[in-house]
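Report on one structure; see the data block that follows.
The values are calculated or read from the model by the stated rules, or taken from the named source; none is laboratory data. Fair warning: this is a prediction, and the values are worked out from it, not measured in the lab. Neighbour counts are summed over all protein chains in view; Cβ atoms, including those assigned to glycine, are modelled from backbone coordinates with ideal geometry.
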Amino acid sequence: MPDAFSSAPPAGILNVALPSPLRRLFDYLPSATPPACGWQPGLRVRVPFGRREVVGVIVEQAATSALPLTQLRRVSEVLDEAPLPTDWLWLCRFAARYYQHGLGDTLHHALPARLRQGHPMAGRTQRLWHANAGVDETSLARAPRQAALLELLRQHPHGLAARAISAHGFPRDALLGLEKKGLARFEEVTLAAPALQGGNLLATPALPLNREQAVVLAALHEGLERFHPCLLEGVTGSGKTEVYLQLIEAVAAKGRQSLVLVPEIGLTPQTLARFRSRFKVPVLALHSGLSDAERLDVWEAAADGRALIIIGTRSAIFTPLANPGAIIVDEEHDGSYKQQDNLRYHARDLAVARAHHHQIPLLLGSATPSLESLHQALSGSYRHLRLTQRASVHPPAKLELVDLRHQPTQGGLLPITLRTIKATLAAGKQVLVFINRRGFAPTLACHACGWTADCLQCDARMTLHRQPSLLACHHCDSRRALPDACPECGSADLRALGAGTERTEETLQSLFPKTPIYRIDRDSTRRKDSFEQMLKEIHRGEASLLVGTQMLAKGHHLPHVTLVVVINADGGLYAADFRALEHSAQLLEQVAGRAGRAADPGRVLVQTLHPDDPHLGLLAEHGYGALARSLLDERRQAKLPPFCFMALLRVESPREEAATALIQEAAAALREWLANPQSADCFCLGPVPAPMERRQNRYHLHLMLTAERRSQLHAAANWLVQWLDAHREARKVRWSIDIDPQTL
Ligand code: ADP
Ligand code: ZN
Ligand code: ZN
């Protein structure tokens, strides 16, 4: 840790990070009255910036400035009594450096909105609620919620914070109701870490582990006190979550905090309920449904060490931890951990850096690990832990490939698929039909002249939607009305080609008119709670058809599904992106994992035009693990990640010439710089047009950098960024650098 973070010498010039895309700090003079803690790095301040006032963070002090002192302005206000948490500052600095992003913008991104806007911290006092003893409870006879809440308060003789009470699912009204009846009271207390009540953290007992789980947990116990990165490769339903819960228990028993990251799609009420029902201490969740005030509450509780268990999606990696004990990343391969704009960080990779910094264990779990993590595990950098058996009775179902060629289909479904669906429904079971495309059909075409409905702003076809009826571009979100006739030749013979979820739903509805059908995609779940509602009905277990995109395919426990149908498995087989196959295999394996999770075994029918494809064959025959190992060999031979490091410069502009000119110049300058002997194994590829060159009326071009050593990649990326920062023409286009890009 640099001295600047711990000592506070007399103030000279303050280097302040501001919310600006510029990769530099700004110099200010201290205000007349210094803060009580001194001018420490990490203090939030308000400063004049142009004609506005903005919130910034002091990063360093300097003796001199490049500007004359007379031109420097003064800090207008110090916003906090103490600096922001040092572990958080460390992480932001690391992320800014690693991702070649401005520190000011990184800090801004990582701060809760309320702090970003200059609001004060909520402070360190809190109301703790208690049950009153020896009072008349007859008034609760008809208020079961209040009665249950009173019971909860009685179980916590040391008092419960309002936040913890709402985390248990009680509305504020219930609490106020109890207070009014004289059954509960609060005290104002200064906050401290929660006292461990007799060491018993559990509200419900842990499950007895099976043999494999016990081996895994024992391995984890060995590394509780140090950096101990582990990959837990465990088939779906093998009990990874149970392992997480017992690791968290061990960490919490030492009074330390666990941070659990889950994919965007995975932080469901069911997941939360599972964590919350296990522990007596509150489990704080960070998700998009929180208000800014609630988010700040969680942030502060974590920063103070009051919160022992924090669970959240990607951005939760920026939660400060006073007393870190473990970081767990569930479904570590999931694409939602990578932020695709602005600060393009990967939460899993930051988790690795953070665990190393804190010297704490890191557990990455997945049924379908990323090739990056698998490589680390196979090469011995991470400990490789495995769960090969399902906790329930049945092994995961094998994929059965069915040949789409030379056969008539109905709405994209083969006769054998339809027969199997029919038999499954007749047996009273549920069928999941997976199709990774929403809308009615991906293409609207004229049968007379071949015209297709293309997006006017992108190099892409528009998707035909029927509910409501319109054409929509899934890349730029533009919409337009359906034409009555072909705009080229006037023919009225316009046809929908291919199928999306809406069409599959329609076909199945006509074939199985008496069976309930649930379509689950982004369109059908736009209304709040509609997804939850559908899941509830599905869980009742009536024979039904589920048609869904990956929203349904990932993470959900669907105990009544015994047949999974994949309409078309070919999406990732021959794509340009070298990661497409990995990602599509992960998705297929996850979808397949939905089948037969409970008492009955499952089947997975995978329709394909390429039943002889060796990759698909390997996946079907031996599962994701075997395919992943073979893909790793291919990557090794092709010197692709994880066997090289990669960065991508993206340049875009509404004017094609501007984007092209800049990226060509950047490429030439970079090649010249790379000619130095220190950069011997760093290469520059391109520039090339992006896979979709025109998007939202902007032209996109790429320049790729690869290197065998990370330090070389970073040196080159850093040089490139500085060149662009200094280049006038670069200000006229939009550009960004993506370290470890996940998609091309
Ligand atoms: P994963 O996270 O690997 O998909 P889960 O932890 O969700 O697996 O476990 C799948 C199912 O098996 C859950 O219903 C869970 O309660 C159950 N389960 C997990 N471990 C055990 C165990 N040791 N004994 C009994 N049931 C278990
Ligand atoms: Zn036409
Ligand atoms: Zn478009």
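Among the residues of region 511-529, write down those that are at pLDDT 95 or above and of a type in the set (S, T, N, Q). Listed by number, the list holds a single entry, THR515. In region 157-172, the residues that are more than 9 Å from TRP129 (Cα to Cα) reach residues that are among the hydroxyl-bearing types (Ser, Thr, Tyr) with C-beta atoms within less than 8 angstrom, at least six apart or across chains, in these pairs: ARG172/SER166. Scanning region 97-146 for residues that are at pLDDT below 90 and among the β-branched types (Val, Ile, Thr) yields THR125, VAL135, THR138.
Out of curiosity, is LEU471 touching a residue at least 24 places away in the same chain (Cβ under 8 Å), more than 29 Å from PRO263 (Cβ to Cβ) and within 16 Å of ligand 3 (Cβ to nearest atom)?
Considered against the rule, which asks whether it is touching a residue at least 24 places away in the same chain (Cβ under 8 Å), more than 29 Å from PRO263 (Cβ to Cβ) and within 16 Å of ligand 3 (Cβ to nearest atom), LEU471 comes out as yes.
Residues that are β-branched (Val, Ile, Thr) and within 25 Å of THR608 (Cβ to Cβ): does region 517-527 have at least one? Yes, some residue in region 517-527 is β-branched (Val, Ile, Thr) and within 25 Å of THR608 (Cβ to Cβ).
Against the list (1) among the small types (Gly, Ala, Ser); (2) assigned to a helix (DSSP H, G or I); (3) closer than 30 Å to ALA585 by Cα, the condition ALA293 fails is (3).
The rows are residues; the columns are (1) closer than 25 Å to ALA628 by Cα; (2) among the hydrophobic types (A, V, I, L, M, F, W, C); (3) buried (at least 21 other Cβ atoms within 10 Å of the Cβ); (4) within 16 Å of ligand 3 (Cβ to nearest atom).
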{"residue": "LEU364", "(1), (2), (3), (4)": "yes, yes, yes, no"}
{"residue": "ARG383", "(1), (2), (3), (4)": "yes, no, no, no"}
{"residue": "LEU387", "(1), (2), (3), (4)": "yes, yes, yes, no"}
{"residue": "LYS422", "(1), (2), (3), (4)": "no, no, no, no"}
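Residue pairs whose Cβ atoms lie under 6 Å apart, sitting 6 or more positions apart in sequence or on different chains, and linking a residue in region 441-454 that is in contact (Cβ under 8 Å) with a residue 60 or more places away in the chain to a partner that is of a type in the set (D, E, K, R) and not in a loop (DSSP other than H, G, I, E, B), are ALA441/ARG503. Out of all the residues in region 212-233, is one or more loosely packed, with under 15 Cβ neighbours inside 10 Å and either within 9 Å of ligand 1 (Cβ to nearest atom) or under 30 Å from LEU153 (Cα atoms) (or both)? Yes, region 212-233 contains at least one residue that is loosely packed, with under 15 Cβ neighbours inside 10 Å and either within 9 Å of ligand 1 (Cβ to nearest atom) or under 30 Å from LEU153 (Cα atoms) (or both).
State yes or no: is GLU225 modelled with pLDDT under 90, farther than 22 Å from ALA301 by Cβ and out of contact with any Leu (no Cβ under 9 Å at 6 or more places or on another chain)? Let's see the steps before the verdict.
Details: modelled with pLDDT under 90: no; farther than 22 Å from ALA301 by Cβ: yes; out of contact with any Leu (no Cβ under 9 Å at 6 or more places or on another chain): yes.
It is false that GLU225 is modelled with pLDDT under 90, farther than 22 Å from ALA301 by Cβ and out of contact with any Leu (no Cβ under 9 Å at 6 or more places or on another chain).
Scanning region 393-407 for residues that are within 17 Å of VAL591 (Cβ to Cβ) and not in a loop (DSSP other than H, G, I, E, B) yields a total of 4.
Being in contact with a Leu (Cβ under 7 Å, 6 or more places away or on another chain) and surrounded by fewer than 21 Cβ atoms within 10 Å (Cβ to Cβ) narrows it down to one residue among LEU618, LEU588; which is it? Lay out the reasoning, then the answer.
Numbers: LEU588 fails: surrounded by fewer than 21 Cβ atoms within 10 Å (Cβ to Cβ).
Answer to the selection: LEU618.
Of these, ALA595, ALA628, ALA569, which one is in contact (Cβ under 8 Å) with a residue 12 or more places away in the chain and over 30 Å from MET646 (Cβ atoms)?
Details: ALA628 fails: over 30 Å from MET646 (Cβ atoms); ALA569 fails: over 30 Å from MET646 (Cβ atoms).
Exactly one residue qualifies, and that residue is ALA595.
Screening region 691-704 for residues that are more than 14 Å from ligand 3 (Cβ to nearest atom) and hydrophobic (A, V, I, L, M, F, W, C) and picking the one that is nearest to LYS732 (Cα to Cα) gives LEU701.
Matching residues to (1) at pLDDT below 95; (2) in contact with a strand residue (DSSP E or B) (Cβ under 8 Å, 6 or more places away or on another chain):
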position: GLY571; (1), (2): yes, no
position: TYR574; (1), (2): yes, no
position: LEU587; (1), (2): yes, no
position: GLN590; (1), (2): yes, no
position: ALA595; (1), (2): yes, yes
position: HIS622; (1), (2): yes, no
position: ARG636; (1), (2): no, no
position: ARG650; (1), (2): no, yes
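Applying the criterion of being closer than 17 Å to ASN676 by Cα and of a type in the set (Ser, Thr, Tyr) to the residues of region 704-744, the residue that is surrounded by the fewest Cβ atoms within 10 Å (Cβ to Cβ) is SER711. Scan region 243-275 for residues that are in contact (Cβ under 8 Å) with a residue 60 or more places away in the chain, surrounded by fewer than 20 Cβ atoms within 10 Å (Cβ to Cβ) and part of a helix (DSSP H, G or I) and the total you get is 6. Residue pairs whose Cβ atoms lie under 6 Å apart, separated by 6 or more positions or on different chains, with the first residue in region 474-487 and within 10 Å of CYS455 (Cβ to Cβ) and the second more than 16 Å from ligand 2 (Cβ to nearest atom) and basic (Lys, Arg), are HIS475/ARG695.
Condition check ((1) within 16 Å of ligand 1 (Cβ to nearest atom); (2) surrounded by fewer than 21 Cβ atoms within 10 Å (Cβ to Cβ); (3) aliphatic (A, V, I, L, M)) across all residues:
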residue: ASP403; (1), (2), (3): no, yes, no
residue: ILE416; (1), (2), (3): no, yes, yes
residue: ARG419; (1), (2), (3): no, yes, no
residue: PHE434; (1), (2), (3): no, no, no
residue: TRP451; (1), (2), (3): no, yes, no
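Residues in region 708-729 that are under 27 Å from the mean Cα position of the chain (by Cα) and of a type in the set (A, V, I, L, M): LEU713, ALA717, VAL721.
Results for (1) at pLDDT below 95; (2) of a type outside the set (D, E, K, R), shown as yes or no for each residue.
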site: VAL433; (1), (2): no, yes
site: ASN436; (1), (2): yes, yes
site: ALA445; (1), (2): no, yes
site: CYS449; (1), (2): no, yes
site: THR452; (1), (2): no, yes
site: LEU471; (1), (2): no, yes
site: CYS489; (1), (2): no, yes
site: ASP493; (1), (2): no, no
site: LEU497; (1), (2): yes, yes
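Considering region 489-585, the qualifying strands (runs of 3 or more DSSP E), each wholly inside and each with 2 or more residues that are under 13 Å from ILE435 (Cβ atoms), run over 517-520, 545-548, 561-566.
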